[in-house]
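**Q** Below you'll find the structure I mean.
The values are calculated or read from the model by the stated rules, or taken from the named source; none is laboratory data. The structure presented is a predicted model; accordingly, all values stated were derived computationally and were not measured. Here the Cβ positions follow ideal geometry from the backbone for every residue, glycine too, while neighbour counts run over all protein chains shown. Just the protein is used for accessible areas: all its heavy atoms, side chains included, with ligands, DNA and RNA removed. Shrake-Rupley method; radii C 1.70, N 1.55, O 1.52, S 1.80 Å.
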Amino acid sequence: MRIQRSHLAVLLNRLYDRGDDRFPIAHPANEVGELLTVELGEPEDCTVRFSKRRDDYASARDEVGRHHPEPVADDLPEPDEYVKAAVASGIVPIDNYDAVGTFVDRYGDPDLMAGHPPVFAGFDTNLLPWRIDRILGLRDPDEGVGYVNGFVLAAGVRDELDWDVKCHDADPYVDAFGPAFEEYWNQPVGSGRISRLGLLAYRDVRDIQQAEEIDCDRGDEPIVDAYDEWQSEARGQILLFSNDRTFVERARGHTILAQHVAFPRDLPRKATATWREVETLLYVLTLLFGVLELPGVTVRGVWRGKDGLDWQRERLQLDPRSPILEPRLECDLAIAESYEETRVR
């Protein structure tokens, strides 16, 4: 059954009701296994314990590389990407949150009535897969690090994200990780899934009313030049964000206000989270790893026949392993989808 990210509470509720209020999230590979455990509590008070922190996961990934072909090991996210998934969920903060907040407080939210130019945020390619506009809260004047009036996105960033390598032989993944990976055929593998996440985030920001797209080629220099040209035409002030210090320095050399965004090197042993953040973490991790296992259910980020609309609507696939759990999930999901359709009308 297909489920949207926004409906993952249906799955969490069912796990909670059957007594799995504390459950592991694991990768099927023997070398990787359990990644973390979730303890469901009140809507704003859950606990996430990272069974595998960065170095533990890096060792497990290396072990996969020693026993299986290189493309199989490459299908697992890099250790830094594993950490960034937790940041993308909102559970783990960026490493320099206060510095980014000071930067946005200083230059964002101008007094337009006093004639100050509007302020627009732009992003380097390396930030977009990690839901950067949402974790910084730039769209909401009452949340996050600060507020901007809109966004300007460079087409070169879009083009750097618009690629993937697809699986044309699932057998090596099945041999390494088990039969759950038979559904990999013709779906993006490895970093291609991360690029797809970034491309979807790019389109989500681009399509809001307060966003503009500017033409440019790929590469740091053309992207920075395009932002500089846009700003020089006095349309507004750019605040440019990147995880790459060289990109930030290049932008500052063009007198663009640029801020480095630092990700943490490691994961905490445990962190508090809301149900919504747990749902987002499950969604992002499932996309990164392709397939994850929870009690009684296998969750797929990709499957045979997953199409563009499935990606756009942030769908995962649930394959219940429990004959009792399956009809209950189907019923709950039908109710949630029916309610949402009624509300949209």
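**Q** Determine which member of the set 54, 61 is closer than 25 Å to residue 295 by Cβ and open to solvent by less than 50 Å² (accessible area, probe 1.4 Å).
**A** On the way: 54 fails: closer than 25 Å to residue 295 by Cβ.
Being closer than 25 Å to residue 295 by Cβ and open to solvent by less than 50 Å² (accessible area, probe 1.4 Å) holds for just one of 54, 61, which is 61.
**Q** Out of the residues in region 107-116 meeting the condition of being loosely packed, with under 14 Cβ neighbours inside 10 Å and either touching a residue at least 40 places away in the same chain (Cβ under 8 Å) or of a type outside the set (A, V, I, L, M, F, W, C) (or both), tell me which one is farthest from residue 268 (Cα to Cα). Even if it seems obvious, please write down each step before you answer.
**A** Filtering region 107-116 for residues loosely packed, with under 14 Cβ neighbours inside 10 Å gives 111-116.
Filter once more, keeping what is either touching a residue at least 40 places away in the same chain (Cβ under 8 Å) or of a type outside the set (A, V, I, L, M, F, W, C) (or both): 111, 115-116.
Values: 111: 39, 115: 45, 116: 42 Å.
For region 107-116, the residue satisfying everything is 115.
**Q** In region 190-217, what residues are modelled with pLDDT of 95 or more and within 26 Å of residue 321 (Cβ to Cβ)?
**A** Passing the criteria: only 193.
**Q** Determine if region 314-323 includes at least one residue that is open to solvent by 50 Å² or more (accessible area, probe 1.4 Å) and over 19 Å from residue 12 (Cα atoms).
**A** Within region 314-323 (the criterion being open to solvent by 50 Å² or more (accessible area, probe 1.4 Å) and over 19 Å from residue 12 (Cα atoms)), the answer is no, since none of the residues qualifies.
**Q** Still on this structure, please answer the following. Could you grab me the full set of residues in region 1-50 that are in contact (Cβ under 8 Å) with a residue 12 or more places away in the chain, surrounded by fewer than 16 Cβ atoms within 10 Å (Cβ to Cβ) and in a loop (DSSP other than H, G, I, E, B)?
**A** Across region 1-50, the qualifying residues are 1, 18, 21, 43, 44.
**Q** Take region 237-269 and flag every residue that is assigned to a loop (DSSP other than H, G, I, E, B) and either surrounded by 19 or more Cβ atoms within 10 Å (Cβ to Cβ) or free of Cβ contacts under 8 Å to residues at least 24 places away in the same chain (or both).
**A** Quick first cut of region 237-269, residues assigned to a loop (DSSP other than H, G, I, E, B) only: 243-244, 254-256, 261-269.
Passing the criteria: 243, 256, 261, 263, 267.
**Q** Specify which of the listed residues (104, 92, 119, 145) is in contact (Cβ under 8 Å) with a residue 40 or more places away in the chain and closer than 30 Å to residue 164 by Cβ. Even if it seems obvious, please write down each step before you answer.
**A** On the way: 104 fails: closer than 30 Å to residue 164 by Cβ; 119 fails: closer than 30 Å to residue 164 by Cβ; 145 fails: closer than 30 Å to residue 164 by Cβ.
Exactly one of 104, 92, 119, 145 is in contact (Cβ under 8 Å) with a residue 40 or more places away in the chain and closer than 30 Å to residue 164 by Cβ, namely 92.
**Q** Oh, and also: Of the residues 103, 120, which single one is buried (at least 22 other Cβ atoms within 10 Å of the Cβ), within 20 Å of residue 227 (Cβ to Cβ) and of a type in the set (Phe, Trp, Tyr)? If you could, list the steps in order and put the result at the bottom.
**A** Details: 103 fails: buried (at least 22 other Cβ atoms within 10 Å of the Cβ).
Only one candidate passes the filter, namely 120.
**Q** Still on this structure, I have one more. Please go through region 162-203 and pick out each residue that is out of contact with any Asp or Glu (no Cβ under 8 Å at 6 or more places or on another chain), crowded, with 18+ Cβ neighbours inside 10 Å, in a loop (DSSP other than H, G, I, E, B) and touching a residue at least 24 places away in the same chain (Cβ under 8 Å).
**A** The answer is 187, and nothing else.
**Q** Quick one: is residue 231 in a loop (DSSP other than H, G, I, E, B) and polar (S, T, N, Q)? Spell out how you get there, then give the answer.
**A** Numbers: in a loop (DSSP other than H, G, I, E, B): no; polar (S, T, N, Q): yes.
For residue 231, the condition - in a loop (DSSP other than H, G, I, E, B) and polar (S, T, N, Q) - is not met.
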